[in-house]
Amino acid sequence: MKSIQEALDQMMPAFSPVGVARSSIADAFGHFLAEDIVARFDLPPFTSSSMDGYAVRLVDVARASKESPKTLILLGESRTGGTPPPQLAECTAMRIFTGAVLPDAADAIVIQEDTSSDGSHVTIFEAAKSGAWIRRRGSDLSAGEKMLARGTQIRSGEIGILAAQGIGSIDVQRKPRVAILSTGDELRDIDEELVPGAIINSNAYALAAMIREAGCEPVVLPNVPDDLEKTIAALREGLAYDVLLTVGGVSVGDYDFVREAFDKVGIAAGFWKVRIKPGKPLIFGMHEKTPVIGLPGNPMSAMVTFEALVRPGLRKMLGDPKPFRMRHDVLLANDHRHATGRLELARARVAMQSGKLTATPQRLQDSGSLMSWVAIDALLLLAEDRATFSAGETVPALLLRDDTGSAASPFA
Ligand code: AMP
Ligand code: MG
């Protein structure tokens, strides 16, 4: 049986970006850039003041002080959005506001607080320093400079600089469409009658939310009963999407048909079973370029295996160069024991205690316990070769709300 890292080593190459789409910058949040972007013009596009005050020539005010102030003739003002100001002449100054064009020959700004003015003259009480409070044209970015590299995630900062450069649309990696196909005679939808023995297909909802959180687009297909022919037909439809997830029916029960159905539709067998808890009976296969993952049906098995084994692939498809969660060390708040032989991914709540990230595992770690994923922050990685873990020791964890990302697998 494969370790989780061996499973990832086999699965990750199967996930590749699904193509490029043009996007308005407003809609590009969270996407990954599929092109290099070069600056169209200098930024700032003109030299301006970064304070309200007076534009001066250094030579005129080099020795100004409180004791020996220097009075200059006011040439008028430069205001934001105003017409370009005239050049400063000897012993003149110009009233200037933040963001307004610096007049030629000016080489410093004296802030308003260090001056007094009667409207026709200004008296300077501080010697200016060369370049003080001046924002130079091109100091942020020069025309022709590479400003954003392919692979950059578009967030607020990237959208801001693109807008400042007048770039309204960009090429981004397209979001993969991820189909969810639930199997099981017992499954009903929320609005269906819950006859005895039936349960609501909660996995389809939870997994759709996880797919969305991963930045992809979920497509929930109609449920299929535990029937080989119907499963085969449904798989054929599901293969039209970029990734196909099936849920349930991957174990060794008499009504578990998914593995056989994979085979019958020509999904090339990758592997079956991973040494993790929960989630052992996961199947991975490929159909042409489509990764197909058979998740176990127990809700926690489905969610844990999605998080640990599917989400990194989806992030890679989106173009994320850091598709894995970062691995953090956390302090264990309680003693914990488990059966050895499989890496346990334990649901836990995390809080900062005395400056240390401290994790409290959920009391119930049963793979069917939907409540055990409520309000959790982390999956603890509890080693397969140890049976007991003690309160106060440090264990590795994946923080589920950390979006920093990591280039290396946390399981390596
Ligand atoms: P299976 O993997 O099909 O053997 O199912 C294992 C357990 O998970 C059973 O108790 C199923 O009823 C339950 N289960 C399977 N699929 C779902 C689903 N889509 N939503 C909620 N529970 C499920
Ligand atoms: Mg089933």
Mind checking which of E90, E217, E186 has the largest fluctuation in a GNM of the chain, springs on alpha carbons under 10 Å?
E90
In the stretch 1-89, which trypsin sites (Lys or Arg not before Pro) fall in coil by DSSP and have 15 or fewer other Cβ atoms within 10 Å?
R40, R63, K66, R79
Comparing A108, A28, A204, which has the greatest mean-square fluctuation in the GNM of the chain with Cα pairs linked when under 10 Å apart?
A108
How large is ³J(HN,Hα) for each residue in the stretch 141-146, as worked out from phi by the Karplus curve 6.51 cos²θ - 1.76 cosθ + 1.60 (θ = phi - 60°), to whole Hz, x for Gly and Pro?
7, 9, 3, x, 6, 6
Given a 1.4 Å probe and heavy atoms of the protein chains only, how would you sort Y241, Y255, Y54, Y205, largest accessible area at the top?
Y255, Y205, Y241, Y54
What does the accessible area of L141 come to, in Å² to the nearest 10, when a probe of 1.4 Å is used?
10
Would you mind telling me the share, in percent, of accessible area of the stretch 83-163 contributed by carbon and sulfur at probe 1.4 angstrom?
47
Please report, in whole Å, how far the alpha carbons of the stretch 326-412 spread along each principal axis, starting with the longest.
32, 27, 26
Looking at the chain only, what percent of DSSP beta bridges run antiparallel? Nearest 5 please.
70
Stretchable slack from S117 to F29, in nm (0.36 nm times residue separation minus alpha-carbon distance)
26.9 nm
Pick out which of T340, T360, T246 has the largest mean-square fluctuation in a Gaussian network model of the chain, springs linking Cα atoms closer than 10 Å.
T340
For F262, F41, the accessible-area ranking with a 1.4 Å probe, largest leading, is F41, F262
Give me the compactness ratio for the stretch 132-234, meaning the Cα radius of gyration over 2.2 N^0.38 Å.
1.88
Compute the FRET efficiency between T394 and M286 as 1/(1 + (r/R0)^6), taking r as their Cβ-Cβ distance and R0 = 41 Å, and round to the nearest 0.05.
0.60
Given a Förster distance of 30 Å, the FRET efficiency implied by the Cβ-Cβ spacing of D191 and S251, rounded to the nearest 0.05, works out to 0.60
Estimated inter-spin distance, K273 and F41, nm [label 7 Å along Cα→Cβ]:
6.6
Difference of contour (0.36 nm per residue) and Cα-Cα distance, E237 to A62
55.1 nm
For V20, tell me the accessible area in Å² from a 1.4 Å probe, rounded to the nearest 10.
80
How large are Rg and Dmax for the stretch 1-83 when calculated on the C-alpha trace, in angstrom?
28.5, 85
Sequence of K273, K356 when ordered by accessible area, the most exposed leading, probe 1.4 angstrom:
K356, K273
In percent, what relative contact order does the stretch 1-149 have, based on Cα pairs under 8 Å that are 6 or more apart in sequence?
34
If each residue of separation counts as 0.36 nm, what is the full-extension length gain between N334 and V374 once their alpha-carbon separation is subtracted?
12.5 nm
Mean residue ellipticity at 222 nm from the helices of the chain, using -39,500 (n - 2.57) per DSSP H segment of n ≥ 4 over the full residue count, to the nearest 500 deg cm²/dmol?
-4500 deg cm²/dmol
Take the Cα coordinates of the chain, assign each an equal point scatterer, and use the Debye formula without solvent to give log10 I(q)/I(0) at q = 0.06, 0.08 Å⁻¹.
-0.42, -0.61
Would you kindly compute the Cα radius of gyration of the stretch 283-386 and its largest Cα-Cα separation (Dmax), both in Å?
15.4, 52
Averaged per residue, the 1.4 Å probe accessible area of the chain, protein heavy atoms only, in Å², is roughly 47
Mind jotting down a quarter of the surface of the convex hull over the alpha carbons of the stretch 229-349, in square nanometres, one decimal?
9.1
Can you list the residues of the stretch 304-336 with backbone N under 15 Å from a point 7 Å past the Cα of A408, pointing along Cα to Cβ?
322-329
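The values are calculated or read from the model by the stated rules, or taken from the named source; none is laboratory data. Predicted model only: the values in this text are computed from it and were never measured. FYI the Cβ positions are ideal-geometry reconstructions off the backbone, even for glycines, and counts take in every protein chain you see. To get the accessible areas, we keep the full protein, side chains included, count just its heavy atoms, and leave off ligands, DNA and RNA. Shrake-Rupley method; radii C 1.70, N 1.55, O 1.52, S 1.80 Å.
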